[in-house]
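Q: Questions regarding the structure given below will be posed in turn.
The values are calculated or read from the model by the stated rules, or taken from the named source; none is laboratory data. Remember, predicted model here, so these are calculated numbers, not experimental data. Areas reflect the complete protein model, heavy atoms only, side chains present, ligands, DNA and RNA absent. Shrake-Rupley method; radii C 1.70, N 1.55, O 1.52, S 1.80 Å.
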Amino acid sequence: MVDVLILPQYGDVNGDGNVNSSDIETFVDVLIGTDTNNFHVEWSDLNGNGTTNAADVQTFVGAYLSNGN
């Protein structure tokens with residue numbers, strides 16, 4: 001048996017397979033520190049600098065809009 005890691009779509013910070021309005025809530029919750037789920041925190045760090053902060057907002061908005069939202 002082989003374990004397979006499936007990474008979420010870029011901008012899919014809640015890991016449901018879609019970039020949609022539910023990702024906004026998750027992203028904001030991580031941004032303000034009320035969501036500490038390790039996966040959400042990691043997936044919300046869209047610029048890869050090790051933390052989710054204001055620098056990730058523009059990238060998140062771009063990913064959200066580029067997915068037809």
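Q: How big is the equivalent ellipsoid of the chain along its three axes, where each semi-axis is √(5λ) from the Cα gyration tensor, reported in whole Å from largest to smallest?
A: Equivalent ellipsoid semi-axes, largest first: 19, 15, 11 Å.
Q: For the chain, what is the accessible area per residue in Å², given a 1.4 Å probe and the full set of protein chains?
A: Per residue, the chain has an accessible area of 66 Å².
Q: Next up: Using a 1.4 Å probe on the protein heavy atoms, what percent of the accessible area of the chain belongs to carbon and sulfur?
A: Answer for the chain: carbon and sulfur cover 55 percent of the accessible area.
Q: Using helices alone, what [θ] at 222 nm do you get for the chain, with -39,500 (n - 2.57) per DSSP H run of 4 or more residues, divided over all residues and rounded to the nearest 500?
A: Per the formula, -11500 deg cm²/dmol.
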